[in-house]
Structure formats: structure tokens, C-alpha cells
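Some notes on the structure that comes next.
The values are calculated or read from the model by the stated rules, or taken from the named source; none is laboratory data. This is a predicted model, so every value here is computed, not measured. In this analysis, Cβ positions are derived from the backbone assuming ideal geometry, glycine residues included, and neighbour counts consider all displayed protein chains. Note: areas computed on protein heavy atoms with side chains; ligands, DNA, RNA excluded. Shrake-Rupley method; radii C 1.70, N 1.55, O 1.52, S 1.80 Å.
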Amino acid sequence: MLQLSFIKENKELTIAGLQKKYFKDAEVVVNQVLDLDQKRKDTQQLLDNTLAQANALAKEIGALMKDGKKDEAEAIKGQSADLKNAAKGYEEALKDIEMNLQHINETMPNLPHESVPVGRTPEENVTVYTAGEIPKLHADAQPHWDLIKKYDIIDFELGNKVSGAGFPFYKGKGAKIQRALINFFLNEAEAAGYFEVQPPIVINAASGYGTGQLPDKEGQ
């Protein structure tokens, strides 16, 4: 999820990145976010000022009561009540604004790297690097989805029942290949200077939003 501070500091870059991903009404949505953020600041300032006035008035009422000036204290209690009601209204308005900001921000995708070309189809991709030779398959070569069933190495249906789409069961040699590929990747990453960690498998909602796994996978 995009950080609000980043959007404010990089408005045009954010709009351009969203447009590159064909996000509908990118400029309108970004302006809406910035307007809501300013409204949030203004409302917070009103709330802070109102609470400060209410606190000052409470001290004044306390001092009057202490000096035995009960009538004068009672006379300004109404002002204190009005300030408290106003503060409550600002607090509710602030919650609504923050909820709207959160909702809009959840709809915006992460930005692509500036090197990513504009395009919708594979034909518009840019080849950055190739290694080895592309194998020439014989005429009756089977696609990978048929080979998966033939050798019973991946079960998409069972994975979908247990966890949802995109989480297959790897079985037998399929599981061994998966494990070998993970080890190969980690070894290569370590050789390139990366530091290996093993994070918790279960995460909280804040981590899910922070890494972009939510809200599109919410419920999984």
C-alpha cells in the first residue's frame, strides 16, 4: 500500500505510475487523497484547539469553585458542554476522514519501477536478459498442465479447497523440486550478498497491508 507521505512528496510520479498500470482516474484519485489528507489535518487542528479551550475552561471552573464563586462557575459550564460536544463531532469527522483515506488507498496498486515499459500484452514486454538456448520441443510435446496431472506432482484443486486460489499442493517429486528450487534461490541470494532470515508464517493485518498482501487477499 502506498505511503501517504510518498504520495504527497511525489504526486506527479505517483500519478504517472498509476497511469502506467492503467489505474482508472489516477489523477482524480491522487488529488482526492491529498484533499482528504488536508481535511484530516484541518479537522485535527480544530479538535486540538477545541480540546485546549475545554481544558482551559475546566481549570477556570475549578478555580472559581475553589474560590466559592459557584454562580460564575455555573454560568460558564454551558460553554464547557458546548466545547465537549464540538470536540466529539470533530473526533467523529476525523474517524470518517481516516476511514475514507484508508479505503481509497487500499484501491491503489503499488507503483511499477520506472524501467517497466507501458503495455498491456506480452508482445509489449522488453527482453532484458537471456541465458542459454530456447529448447525446440518436438511436435507431440505436452504442456506443463498436462504433465502435472500425468506425474501427479501438483494438486491445484486440493490447494484451492484448503487455502484458496494460487496455493497449490506440491506432491512427491513436485515437492522435492519446489524445495530444491527454494534452496537454490536462497544459496544464490546469499552468494550475492543477501542476509537470510526466516520470518513468521502467520502475520497480523498491519503486516499484510504493509506488504501489499491485503486487502486483495483478505479472507484467505
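Residues to consider are GLU114, GLU123, GLU91, GLU157; find the one that is acidic (Asp, Glu), closer than 30 Å to ILE15 by Cα and part of a helix (DSSP H, G or I). One residue alone meets the criteria, GLU123. With the structure loaded, tell me whether GLN198 is more than 28 Å from MET108 (Cα to Cα), outside any loop (DSSP other than H, G, I, E, B) and open to solvent by 60 Å² or more (accessible area, probe 1.4 Å) or whether it fails that test. In short, no. Picking from residues in the stretch 85-109 that are under 19 Å from ALA206 (Cβ atoms) and of a type in the set (Val, Ile, Thr), the one that is nearest to the chain's Cα centre (by Cα) is THR107. Looking at the stretch 45-62, I want the residues that are over 18 Å from LYS95 (Cβ atoms) and have a partner that is hydrophobic (A, V, I, L, M, F, W, C) with Cβ atoms under 8 Å, at least 6 apart or on another chain. Which pairs are those? Between residues of the stretch 45-62 that are over 18 Å from LYS95 (Cβ atoms) and residues that are hydrophobic (A, V, I, L, M, F, W, C), the close pairs are GLN53/LEU83; ALA54/LEU83; ALA54/ALA87; LEU57/ILE76; LEU57/LEU83; GLU60/ILE76; ILE61/ALA73; ILE61/ILE76. Hey, does the stretch 64-82 have a residue that's under 30 Å from SER207 (Cβ atoms), in contact with a Leu (Cβ under 9 Å, 6 or more places away or on another chain) and surrounded by 12 or more Cβ atoms within 10 Å (Cβ to Cβ)? Checking the stretch 64-82: not a single residue is under 30 Å from SER207 (Cβ atoms), in contact with a Leu (Cβ under 9 Å, 6 or more places away or on another chain) and surrounded by 12 or more Cβ atoms within 10 Å (Cβ to Cβ). Cβ-Cβ distances below 7 Å connect no pair with a first residue in the stretch 1-14 that is under 16 Å from HIS103 (Cα atoms) and modelled with pLDDT of 95 or more, a second residue that is of a type in the set (A, V, I, L, M, F, W, C) and loosely packed, with under 13 Cβ neighbours inside 10 Å, and a separation of six or more residues or different chains.
Please verify whether GLY132 is on the phi > 0 side of the Ramachandran plot, surrounded by fewer than 11 Cβ atoms within 10 Å (Cβ to Cβ) and either over 30 Å from the mean Cα position of the chain (by Cα) or in a helix (DSSP H, G or I) (or both), treating the condition exactly as stated. So GLY132 passes the test. Taking the stated definitions as given, is LEU36 of a type in the set (A, V, I, L, M, F, W, C), closer than 22 Å to LEU101 by Cβ and either open to solvent by less than 40 Å² (accessible area, probe 1.4 Å) or at pLDDT 90 or above (or both)? Here the answer is yes, as LEU36 does meet what is asked. Going through (1) more than 29 Å from the chain's Cα centre (by Cα); (2) surrounded by 11 or more Cβ atoms within 10 Å (Cβ to Cβ) one by one, ALA205 falls short only on (1). Close Cβ contacts (under 7 Å, 6 or more residues apart or on different chains) running from residues in the stretch 97-109 that are outside any helix (DSSP H, G or I) to residues that are surrounded by 14 or more Cβ atoms within 10 Å (Cβ to Cβ) comprise MET108/LEU2; MET108/LEU18; MET108/PHE23; MET108/VAL29; PRO109/LYS21; PRO109/PHE23. Would you check if there is a residue in the stretch 146-158 being under 30 Å from MET1 (Cβ atoms) and either without any contact (Cβ under 8 Å) to a residue 24 or more places away in the chain or surrounded by 10 or more Cβ atoms within 10 Å (Cβ to Cβ) (or both)? For the stretch 146-158, residues under 30 Å from MET1 (Cβ atoms) and either without any contact (Cβ under 8 Å) to a residue 24 or more places away in the chain or surrounded by 10 or more Cβ atoms within 10 Å (Cβ to Cβ) (or both): present.
So which pairs qualify, if the first residue must be in the stretch 198-213 and closer than 23 Å to ASN183 by Cβ, the second must be charged (D, E, K, R) and modelled with pLDDT under 85, the Cβ gap must be under 7 Å, and the two must be at least 6 apart or on different chains? That search, which allows pairs on different chains as well, returns nothing.
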